[in-house]
Amino acid sequence: MSEMRISSTQGMAQTSSSNRQQETYQPNAQKTTKAILWLTIVLSFIMLAPFLWMVGLSLKDNQELMLGTDAVFQFPYTLQNYIDIFHNSAVFQWLLNSIVVSGSMTLGVLVLSSLAGYAFARLDFPFKKTLFVIVLMGLAVPEQAVIIARHQLFSEFQLHNTYLGLVLPGLSAPFGVFLMTQFFKAIPKEIDEAAIMDNASKFKIFWKVLLPLTVPAQATLAILTFLTSWNDYFWPLISATDKSMYTITIGIASSQTNFAQSEGLGFLSSQAIFSAIPIILVYIFFQKHIVTAVAGGAVKQ
């Protein structure tokens with residue numbers, strides 16, 4: 001009997017060992033992984049190619065680029081275009097305008113969307129479902145459909161060429177309300193009940209208990225709002241007619257249209273690269289929160 005047990009144990013061990021070898025050694029899976037990796041590298045390089053081209057142009061002398069853009073592949077390179085930005089360029093004013101507009105819009109959207117999301121997810125009030133549907137209908141209305149009425153309204157209140165005029169339209173964020181509503185709904189209601197037993201008010205529950213749990217969603221909404229506002233071209237083109245109120249998108253576009261030959265491709269490229277620094281910093285500091293939100297949020301049932 002003991003010999004039979006020993007032999008059966010050895011057979012099971014050999015079977016499990018062979019299964020582990022089969023699981024660990026999968027040449028087809030390894031080839032597929034390598035192929036996906038190389039495909040990702042190639043696609044990443046394709047996406048980076050325009051940016052690398054701009055970097056190359058920004059490091060070349062403008063006189064050389066006047067003869068041909070193929071000079072970007074030849075030495076020498078120079079930082080003179082970046083030095084000229086600090087001496088003679090309106091890009092700093094445009095950057096300041098974009099930072100003020102995008103930052104104010106992002107803060108406003110976070111505050112309004114968080115409050116509205118908490119109300120729709122946690123509070124009971126008349127016509128709640130109807131109002132939520134009306135808010136979501138805003139996702140189906142394109143900006144171009146209301147641009148004339150908005151322009152007339154802002155002209156009546158003399159809001160053109162002001163920071164307030166550039167910020168106010170972006171505060172209407174139906175997607176932000178929807179995102180925060182869904183995130184608040186995912187938080188267990190037992191947390192609210194425990195806070196109520198401690199005599200916490202509705203606002204205290206929102207501010208002290210629930211809002212800190214929505215940091216991943218807020219980070220995602222913040223970066224999407226900031227990027228949308230930073231890259232917005234349509235409304236600033238209409239509202240900001242004074243050069244001192246240009247955002248970075250309008251400023252760079254006007255330079256390319258009016259001053260490309262006089263200022264040079266290298267100088268314009270250096271302005272574009274310099275203006276991209278805030279966006280790069282936003283991605284660096286907020287990427288962890290974005291990954292967390294996409295992976296499933298901070299609250300687990």
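Compute the convex hull volume of the Cα atoms of the range 34-77, divide it by the residue count, and report the result per residue in Å³ as a whole number.
Hull volume normalised by residue count: 75 Å³.
Ignoring ligands, DNA and RNA, what accessible area per residue does the range 92-297 give at 1.4 Å, in Å²?
Numbers: 11190 Å² over 206 residues.
Accessible surface, normalised per residue, equals 54 Å².
Apply the a/c threshold of 1.5 to the C-alpha gyration tensor of the range 20-158 and tell me whether it is rounded, prolate or oblate.
Numbers: a/c = 2.95, a/b = 1.20, b/c = 2.46.
It is oblate, given that a/c is not under 1.5 and a/b is not larger than b/c.
Packing, as the average of other Cβ atoms within 10 Å across residues, places the peptides 239-248, 190-199 in the order 239-248, 190-199, highest first. Percent of C-alpha pairs per 5 Å bin in the range 137-259, short distances first: 2, 9, 15, 15, 14, 12, 10, 9, 6, 5, 2, 1, 0, 0. A full extension of the chain between GLN182 and VAL141 corresponds to an added length of 12.6 nm, given 0.36 nm per residue minus the alpha carbon distance.
Rolling a 1.4 Å probe over the heavy atoms of the protein chains gives the range 34-77 an accessible area of 78 Å² per residue. The overall shape of the range 118-205, judged from the alpha-carbon gyration tensor, is prolate: a/c is not under 1.5, and a/b is greater than b/c. Regarding the range 68-225, what's the average projected area of the Cα-atom convex hull, expressed in nm²? Its Cα hull, projected and averaged over all orientations, spans 16.0 nm². Residue by residue, the range 217-225 carries 3J(HN,Hα) couplings of 5, 5, 5, 4, 5, 5, 6, 5, 5 Hz when phi is fed to the Karplus relation 6.51 cos²θ - 1.76 cosθ + 1.60 (θ = phi - 60°); x denotes Gly or Pro.
Take the solvent-accessible surface of the protein heavy atoms, probe 1.4 Å, and return the percent of it on the range 92-297 that carbon and sulfur atoms account for. List each step's numbers first, then the result.
Details: 7660 of 11190 Å².
Taking all protein chains in place, the range 92-297 shows 68 percent carbon and sulfur surface.
Highest mean packing first, where packing is the average number of other Cβ atoms within 10 Å per residue, the peptides 123-136, 155-168 line up as 155-168, 123-136. Backbone geometry of the range 188-196 corresponds, through the Karplus equation with coefficients 6.51, -1.76 and 1.60 at θ = phi - 60°, to 3J(HN,Hα) couplings of x, 6, 4, 5, 4, 4, 5, 5, 5 Hz, x marking Gly and Pro.
The values are calculated or read from the model by the stated rules, or taken from the named source; none is laboratory data. Quick caveat, the model's predicted, so the values are computed rather than measured. Methodologically, a virtual Cβ is constructed for each residue, glycine included, from the backbone with ideal geometry; neighbour enumeration extends over all protein chains shown. SASA here: full protein model, heavy atoms, side chains in, ligands and nucleic acids out. Shrake-Rupley method; radii C 1.70, N 1.55, O 1.52, S 1.80 Å.
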